[in-house]
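Down below is the structure, laid out as structure tokens.
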Amino acid sequence: MAQLLRSRPEGLCCPEGNFFIDPVRPVERALITHGHSDHARAGHGAVLATRETLDIMELRYGPGFAGSVQEVQLGERITIDGVEVTFHPAGHVLGSAQICVEGGGTRIVASGDYKRSPDPTCASFEPIPCDIFITEATFALPVFTHPDASHEIAQLLKSVRQFPERTHIVGAYTLGKAQRVIALLRDAGYNDTIFIHGALVKLCDYYESAGVPLGILQPATVEERGAAPPAGAIVVAPPAAIDDRWSRRFADPLACFASGWMRIRQRVRQRGVELPLIISDHADWEELTQTIRETGAGEVWATHGREEALVRWCELNGIAAKPLHIAGYEDEAE
């Protein structure tokens with residue numbers, strides 16, 4: 001039954017359906033789980049994805065990012081050369097989906113990236129019963145336990161109150177994490193203007209147009225005016241910007257970073273982060289193992305991350321498993 005999907009240099013391939021899932025090289029037909037650049041690349045002949053993922057790809061690569069595109073609704077059943085395909089929520093970022101592939105009496109689910117914790121900016125993950133579950137393994141070590149994101153946001157707001165003379169710059173990845181941090185701040189009752197780096201504007205505008213309210217946002221810097229937000233403000237920016245020359249214009253900037261990697265003290269020190277916020281858009285160890293159990297899969301394939309540890313856990317629990325070793329996915333950019 002493993003022949004329904006197989007690992008190739010281009011990525012996960014379905015030979016019978018003549019398509020790839022999240023290919024890392026240009027292919028004739030690609031099914032895309034979500035809009036992060038290591039999964040959604042330009043240059044494919046045809047792309048099948050959710051409306052939001054297609055829109056995000058166009059925002060990032062321009063209208064000619066693929067030869068043709070086809071929108072799929074979550075739960076909609078599509079047949080491609082005799083292979084049935086459905087997309088299901090992954091809870092990772094807006095528009096993210098798991099892809100279920102069925103043929104010859106076998107059901108395989110490719111998770112893409114996913115998480116189980118609540119996220120006000122996207123649909124929640126749904127476990128799909130299957131024969132083979134292909135899971136990401138970004139945080140597949142028992143040391144990785146992600147706290148409730150609302151706790152981390154409370155820590156941020158506490159720091160803002162304690163240090164009103166300082167500007168809190170929150171490093172957050174441009175797609176998904178930045179919008180989630182902003183939405184979590186709003187859920188926590190923070191109604192002040194949030195200032196954003198220019199790299200976030202298009203995607204924040206898109207999230208709002210897709211029905212995700214983010215409140216009052218303003219550019220953190222406007223070059224021709226040279227003005228900076230007032231002391232005590234919260235600025236959200238790509239991680240690379242928090243220790244860049246760009247951040248020096250703010251009042252005694254306090255570096256924060258929202259990432260699952262902030263669980264590791266060495267990473268915190270390496271990034272020069274004063275306030276680590278353990279907020280991840282990937283499943284932690286408990287979520288990974290819980291999900292494998294809930295799918296009921298008799299076989300697990302692990303991709304991108306700490307694959308060997310997850311494979312070992314499966315073997316100890318009587319589940320056949322193997323690492324896929326697909327190159328091209330980035331576990332840092334989470």
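The values are calculated or read from the model by the stated rules, or taken from the named source; none is laboratory data. Bear in mind the structure is a predicted one, so any value in this text is a computation, not a measurement. Here the Cβ positions follow ideal geometry from the backbone for every residue, glycine too, while neighbour counts run over all protein chains shown. Areas reflect the complete protein model, heavy atoms only, side chains present, ligands, DNA and RNA absent. Shrake-Rupley method; radii C 1.70, N 1.55, O 1.52, S 1.80 Å.
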Enumerate the calculated ³J(HN,Hα) couplings along segment 169-184 in order (Karplus 6.51 cos²θ - 1.76 cosθ + 1.60, θ = phi - 60°), each rounded to whole Hz, writing x wherever the residue is Gly or Pro.
9, 9, x, 8, 4, 4, 9, x, 5, 4, 5, 5, 4, 4, 5, 5
Determine the relative contact order of the chain: mean sequence separation of Cα pairs under 8 Å and six or more apart, normalised by residue count, in whole percent.
17 percent
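Explain nothing, just the number: relative contact order of segment 140-243, from Cα pairs under 8 Å at least 6 residues apart, as a whole percent.
Contact order relative to length: 40 percent.
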Expected max-MSF residue from S96, S124, S209 in the GNM of the chain (alpha carbon, under 10 Å) is S209
Amide H within-cut-off set for A321, under 5 Å, with H built and near neighbours excluded
V300
Going through segment 53-130, which trypsin sites (Lys or Arg not before Pro) have at most 15 other Cβ atoms within 10 Å and a DSSP loop state?
R77
Expressed as a whole percentage, what fraction of the accessible surface of segment 81-166 belongs to carbon and sulfur atoms when a 1.4 Å probe is rolled over the protein heavy atoms?
53 percent
14 Å beta-carbon shell around F250, net charge (K/R +1, D/E -1):
-1
Ranked packing of 211-219, 199-207, most packed first, by mean Cβ within 10 Å:
199-207, 211-219
Relative to the longest principal Cα axis of the chain, at what angle does helix 285-295 sit, 0 to 90 degrees, rounded to 10?
30 degrees
Would you work out which of V85, I134, V170 lies farthest towards the positive end of the dipole of the chain, given +1 charges on the beta-carbon of Lys and Arg and -1 on that of Asp and Glu, about the Cα centre?
V170
First select every other residue whose beta carbon is under 11 angstrom from the beta carbon of L310; then total the charges, Lys and Arg +1, Asp and Glu -1.
-1
Of V235, C314, G67, which is farthest along the charge dipole of the chain in the positive direction, counting Lys and Arg as +1 and Asp and Glu as -1 at C-beta?
V235
For the residue pair K322 and V201, what label-to-label distance in nm results when each label sits 7 Å from Cα along the Cα-to-beta-carbon direction?
5.0 nm
Might you tell me the accessible area per residue for segment 117-196, computed with a 1.4 Å probe and given in Å²?
36 Å²
Tensor-based shape of the chain (alpha-carbon gyration tensor, a/c under 1.5 rounded, otherwise prolate or oblate)
prolate
